[in-house]
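Notes to accompany the following structure.
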C-alpha cells in the first residue's frame, strides 16, 4: 500500500528583520498604542522584504531550491509542482511555471497555482497528497507556499502592517511503502465573515475599471473568537476518527497568526508546552506558509522526529478551517 510522506522542507525569508520597536513608534505617531496587541499576537520580530528585486515568486524559488538540495534531488525528479499564494506575482502565466523554469523540471509535470488564503499551503499539501494516492504516475510533488504580505499591508492598519512578515516554505512529498506520511484531513467552512477581510476591497473589476482604491488589504472588525469552538471540535474529531488522543500527537503546527489562539487551543486540549510549535515571534505572520515554517523549525530544533504524529491547523479568510494529520 502506498503512502505519501514529507521528504524534505526548505524555508526562505528575506535577510531584513524588523523588531516591534519600529512598529510601536510608527503607530504611536498615529495615536495608537499597539503594545498590548503585539503581546497578544506574540510578535517580537518579523522578516520584511526591503529589496526591489525580491517578491513572493523569488522567495518561492529560493525555498524550492533549498528543499531540493535538502532532499538531494533536482528539478528533473519532480512530477508535480503546486504554488500556493494569496499575493501572486503573476496571473499570466501562473507562478508555478516560473518554478518549473527555475528548477529545470521535465515537460511531463503537473503544474498549478492554488489559493486558499492563509490556509493555502495546508490545503495544497492535503490535496496533492490525495492526488498522488490516486495517480500512480505522480511519485514526487513540490509544494510551495509564499506570500509577500508586507506588499499589501497598509501603514495605517496595525493588524496587517505590524503583524505580517514575508517568507516562503517548500515541501517535497514522495510516495513510499512505509506506514508513514499523510493520514487524514477535515474542513469546516462558515461564510459569516466573508465581507471582513477583502483584497482588493471592491473587487478586481472595480479596481481596474473605475480606479477604486485597493492597494492594501481592507480588514474590518469582527469577533475572531467565533472560530475557536469549531476549531476545538474539528481537532477532536480528526483525532478521534484516527484513534488518537491529543497527547499522542508530538507536535501541533498551527496557524502562527495569533499566539493567544495557540495558547487557547493548548489549554482546551490540555497539551504540554513541548507539543506546541510557535515561531511567530521570529517570523511574524507569514500567511499560507506559517504551519509549515513551524514544522520546519520543529524539525530543525529536534522537537519533531521521524515517526512522530503532527497535527496541522489553520484558518483562511472568510472563513475556512483546515486540520490535517500527518505521521512525519
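Just one of (1) touching a residue at least 12 places away in the same chain (Cβ under 8 Å); (2) outside any strand (DSSP E or B); (3) closer than 21 Å to residue 289 by Cα fails for residue 6. It is (2).
The residue list 23, 47 contains one member that is surrounded by 13 or more Cβ atoms within 10 Å (Cβ to Cβ) and closer than 26 Å to residue 304 by Cα, which is 47.
This table checks each residue for (1) touching a strand residue (DSSP E or B) at 6+ places or on another chain (Cβ under 7 Å); (2) more than 18 Å from residue 165 (Cα to Cα).
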site: 38; (1), (2): no, no
site: 42; (1), (2): no, no
site: 47; (1), (2): yes, no
site: 53; (1), (2): no, no
site: 70; (1), (2): yes, yes
site: 80; (1), (2): yes, yes
site: 95; (1), (2): yes, yes
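All of 203, 165 fail the test of being at positive phi and either out of contact with any strand residue (DSSP E or B) (no Cβ under 6 Å at 6 or more places or on another chain) or crowded, with 19+ Cβ neighbours inside 10 Å (or both), apart from 203. Check segment 106-113 and report whether any residue there is assigned by the TED database to the domain that holds residue 11, closer than 23 Å to residue 14 by Cα, within 15 Å of the chain's Cα centre (by Cα) and part of a strand (DSSP E or B). For segment 106-113, residues assigned by the TED database to the domain that holds residue 11, closer than 23 Å to residue 14 by Cα, within 15 Å of the chain's Cα centre (by Cα) and part of a strand (DSSP E or B): present. For segment 272-288, a residue qualifies if it is in a helix (DSSP H, G or I), touching a strand residue (DSSP E or B) at 6+ places or on another chain (Cβ under 6 Å) and either under 11 Å from residue 251 (Cα atoms) or free of Cβ contacts under 8 Å to residues at least 40 places away in the same chain (or both), and exactly one does: 275. No other residue among 136, 93, 155 is in contact (Cβ under 8 Å) with a residue 40 or more places away in the chain, surrounded by fewer than 17 Cβ atoms within 10 Å (Cβ to Cβ) and over 25 Å from residue 222 (Cβ atoms) apart from 136. Pairs are defined by a Cβ separation below 8 Å, a sequence spacing of at least 6 or placement on different chains, a first member in segment 299-313 that is assigned by the TED database to the domain that holds residue 169, and a second member that is at pLDDT 95 or above; no pair meets this definition. If you go through segment 104-114 and keep only what is surrounded by fewer than 21 Cβ atoms within 10 Å (Cβ to Cβ) and closer than 13 Å to residue 61 by Cα, you end up with just 104. If you go through segment 27-57 and pick out every residue that is touching a residue at least 24 places away in the same chain (Cβ under 8 Å) and assigned to a helix (DSSP H, G or I), you end up with 7.
Return the residues of segment 230-257 that are in a loop (DSSP other than H, G, I, E, B) and in contact with a strand residue (DSSP E or B) (Cβ under 9 Å, 6 or more places away or on another chain); say none if nothing qualifies.
Within segment 230-257, 242, 244, 249, 250, 255, 256, 257 qualify.
Does residue 291 meet the test of being in contact (Cβ under 8 Å) with a residue 24 or more places away in the chain and more than 27 Å from residue 20 (Cβ to Cβ)? No; evaluated as a whole, the condition is false for this residue.
The sole residue among 267, 227, 260 that is more than 20 Å from residue 326 (Cβ to Cβ), part of a helix (DSSP H, G or I) and free of Cβ contacts under 8 Å to residues at least 12 places away in the same chain is 267.
The values are calculated or read from the model by the stated rules, or taken from the named source; none is laboratory data. Remember, predicted model here, so these are calculated numbers, not experimental data. Cβ sites come from the backbone with ideal geometry, for glycine too, and all protein chains shown count toward neighbours.
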